[in-house]
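Input: a single structure, listed below in structure tokens.
The values are calculated or read from the model by the stated rules, or taken from the named source; none is laboratory data. Because the structure is a prediction, the values reported are computed rather than measured. A quick note on method: Cβ atoms are made from the backbone with ideal geometry, for glycine too, and the neighbour counts reach across all protein chains shown. Ligands, DNA and RNA are stripped out before the accessible areas are found, and what is left, the full protein with its side chains, is counted by its heavy atoms. Shrake-Rupley method; radii C 1.70, N 1.55, O 1.52, S 1.80 Å.
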Amino acid sequence: MAEQTCLRFVLGDQLSRDLSSLADAVPGRDVIFMAEVMAEATSVRHHKKKIAFLFSAMRHFAEELRAEGFEVDYLALDADGNPGSFGAALAEAVSRTGASRVVMTEPSELRVLDAARSWREELAADLEIRADSRFLASHEDFVSWAVDDRGAQPKSLRMEYFYREMRRRTGYLMVDGEPEGGQWNFDSQNRKPLAGDVKIPERPRYPPDAVTKEVLELVGDRFATHFGDLDPFDHPVTRADAKDYLDWFIAKALPGFGDWQDAMKEGEPLLFHSHLSALINCGLLDPRECCDAAVKAHAAGRAPLNAVEGFVRQIIGWREFIRGVYWLKMPDYAHANALEATRPLPGFFWTGETRMNCLHQAISETKAHAYAHHIQRLMVLGNFCLLAGIDPAEVQEWFLVVYHDAYEWVEMPNVVGMALYADGGFLASKPYAASGAYIDRMSDYCAGCRFDVKKKAGEEACPFNYLYWDFLMRNERQLRQNHRMGVIMGSLGKMTPDRIEEIKADSARFLDSAEMAGWSGT
Ligand code: FAD
Ligand code: DLZ
Ligand code: SF4
């Protein structure tokens, strides 16, 4: 009897040849199914570049599987009769191919996992959902680290301890069971502002091929009203180009990654950052191979320890920790709002049109590239939303829309836990709140700003300066309980009534200004 066809359903962020759902796929017997669907592309109004990147990467991945001899049933967005959702498209693929079994790797987001579980009821085939082995820590690994023997949920979790565990497990930068260089973390060396004479490496570009050009036309046509610029598009979209780009990063930018990790500069969105997140998150690169390459460069004397430790920590530490927190805390995490912030997101987040140059730069770069680096996301955009008391749900949606690396599992804990302290300190030991002095120290933004970063009060003063204190006053009850806020809350306690009134008046004037009005566009 002929072997039964098995349908292998591969999602847009599962473009890895060693995906668990493809592990035992047999060319000639199994069919691989991939689908561009409107419901997914509009689940939020994703940045045009993100949709183009993903559709092009999906189409190239399908081609590579075909070249291996697989039959790939690929549903393009503009295919006649595209039913528009994963569930309906899969049901049609099952009846088209006559498959008796569907195998997929666990979706990275709860929304899609819940949907997949519900398909079981309706599909005319068995559906097997396999674990995603591309993460270094499985769900079970994370839970056994985070939850105590009696199964009690932790009140808070700290990345640093998880990271040490991951270093021990992976053996990265470990010597005889001890961290290389005698320290787990070299962050204190990684906060240099950028001096004028530092040469920033020029990135390789990957011009669109025929497949990408077709996608760009499709996206320009179907998603014209979505946020962001489509052109120029020069991102890697194949496994080979992603690998080439990783090699370039390790050779040219990694050596400076540590020193200037927190620096910001006008017109330089990338500096020494890797720009690898979108490639890792969609599966074109494996997190292990990125760390292996960095560790190898260090062993060969081509990258310093502070850079390599910092880079490895972002991947085996932060990235894995963030994912663990997402699955541990969902679904309630989506609605966390510990500081009861309710202000609508200002309209300028969609246009970049604000007098605050730091925000103007970060939003304009986001619009152009679907990218901003971590400190822009955390200490400019996130910090502003925190200080201004913007509703976490609106901030989450914005971050999910605008970045090419954004998927709910990674966006949500970064926004809710790290940037907004909306989980009440579950993930961060204190709010990442800062006045204009921090932005001035780490960037060249303030020199070109209409506001004066040195002024603390009045119309010309940098809004971050008074909003910082206003934030502390508004949330005094909660923040006084945090021992890491003791010194700053002490300073607040010593403020004169006149100064308190001045801060409140400046903040009220700014927060009620036309500049802060919520988005009223389409
Ligand atoms: P690099 O600075 O070069 O870091 C190397 C790699 O480490 C990244 O490619 C990424 O894979 C990983 N990494 C670093 N920091 C984090 C982190 N905090 N969480 C998870 N992985 C991390 N990252 C996303 O991938 N998707 C998101 O939607 C996302 N949203 C964010 C929202 C906010 C408010 C903040 C503060 C951070 C967010 N991050 C997100 C984390 C981080 O900012 C990006 O991963 C990073 O900026 C991507 O650029 P890069 O590849 O040049 O990173
Ligand atoms: C982000 C995204 C978009 C915009 N479109 C698609 C799509 O049409 N087809 C697809 O398979 N995946 C897409 N994705 C990625 C998915 O959102 C991602 O795979 C799931 O959210 C994972 O849970
Ligand atoms: Fe931003 Fe204030 Fe500096 Fe202007 S002065 S760029 S608002 S930190």
Of the candidates 127, 53, 14, the farthest towards the positive dipole end of segment 10-139 (Lys/Arg Cβ +1, Asp/Glu Cβ -1, centred on the Cα centre) is 53
Heavy-atom accessible area with a 1.4 angstrom probe orders 104, 473, most exposed first, as 473, 104
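If 119, 260 are ordered by their accessible area, calculated over protein heavy atoms with a 1.4 Å probe, which sequence runs from highest to lowest?
These residues rank, largest area first, as 260, 119.
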Scalar couplings 3J(HN,Hα) for segment 250-267 by Karplus 6.51 cos²θ - 1.76 cosθ + 1.60 (θ = phi - 60°), nearest whole Hz, x for Gly and Pro, are 4, 6, 9, 10, 3, x, x, 4, x, 3, 10, 4, 9, 7, 9, 8, 4, x
By the Kirkwood definition, with r running over pairs of different Cα atoms, segment 433-485 has a hydrodynamic radius in Å of 12.0 Å
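May I ask you to rank 3, 476, 408 by accessible area, largest first, using a 1.4 Å probe over the protein chains only?
Most to least solvent-accessible, the answer reads 3, 476, 408.
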Under a 1.4 Å probe, counting only protein heavy atoms, residue 164 has an accessible area in Å², nearest 10, of 70 Å²
With a 24 Å threshold on alpha-carbon distance, the violating pairs from 199/265; 192/494; 155/430 are 192/494
Mean separation of Cα contacts under 8 Å (at least 6 apart) over the residue count of segment 139-329, i.e. the relative contact order in percent, is 31 percent
Note: residue 158 to residue 338 extended length (0.36 nm per residue) minus current alpha-carbon separation gives 63.0 nm
Computed about the Cα centre, the charge dipole of the chain from +1 Lys/Arg and -1 Asp/Glu charges at the Cβ has a magnitude in debye, to the nearest 20, of 1520 debye
Rounded to the nearest 10 Å², the accessible area of residue 489 using a 1.4 Å probe with every protein chain kept is 0 Å²
Computed D for the chain, Stokes-Einstein, Kirkwood radius over alpha-carbon pairs, 25 °C, 0.890 mPa s, to the nearest µm² per second, is 100 µm²/s
Restricting to Cα pairs under 8 Å and 6 or more apart, the percent relative contact order of the chain works out to 16 percent
The rounded separation in angstrom of the Cα centers of segment 41-71 and segment 262-294 is 20 Å
To the nearest 20 debye, segment 6-130 has a Cα-centred charge dipole, built from +1 on Lys and Arg Cβ and -1 on Asp and Glu Cβ, of 320 debye
For segment 421-522, the charge dipole (Cβ of Lys, Arg +1; Cβ of Asp, Glu -1; about the Cα centre) points to a positive end, and the Cα of 421, 446, 517 closest to that extreme belongs to 421
Per residue convex hull volume, Cα only, segment 6-130, in Å³ is 99 Å³
For the chain, whose charge dipole is built from +1 on Lys and Arg Cβ atoms and -1 on Asp and Glu Cβ atoms, the candidate among 74, 224, 261 with its Cα farthest towards the positive end is 261
Given backbone amide H placed at 1.01 Å from N, residues whose amide H is under 5 Å from that of residue 33, ignoring those fewer than 5 places away on the same chain, are 8, 9, 10, 73
Once amide hydrogens are built 1.01 Å from N within the peptide plane, the residues lying 5 or more places from residue 128 or on another chain with amide H under 5 Å from its amide H are 102, 103, 104
Sorted on mean Cβ neighbours within 10 Å (highest first), peptides 44-57, 62-75 come out as 44-57, 62-75
Answer in debye to the nearest 20: the dipole magnitude of segment 49-111 about its Cα centre, from +1 Lys/Arg and -1 Asp/Glu charges placed on Cβ, is 200 debye
On each of the three principal axes the extent of the alpha-carbon atoms of segment 348-517, given in whole Å and largest first, is 46, 37, 29
Semi-axes (Å, rounded, descending) of the ellipsoid equivalent to segment 242-324 per its C-alpha gyration tensor are 18, 16, 14
Expressed in Å to one decimal, the Kirkwood Rh of segment 218-290 from all distinct alpha-carbon pairs is 14.2 Å
Here the averaged projected area of segment 139-329, based on the convex hull of its alpha-carbon atoms and given in nm², is 14.1 nm²
Distance in Å, no decimals, from the C-alpha centre of segment 404-433 to the one of segment 180-248 is 23 Å
With every protein chain in place, the accessible area of residue 61 for a 1.4 Å probe, in Å² rounded to the nearest 10, comes to 10 Å²
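Tell me the trypsin sites (Lys or Arg not before Pro) within segment 324-417 that lie in a loop according to DSSP and have at most 16 other beta-carbon atoms within 10 Å.
355
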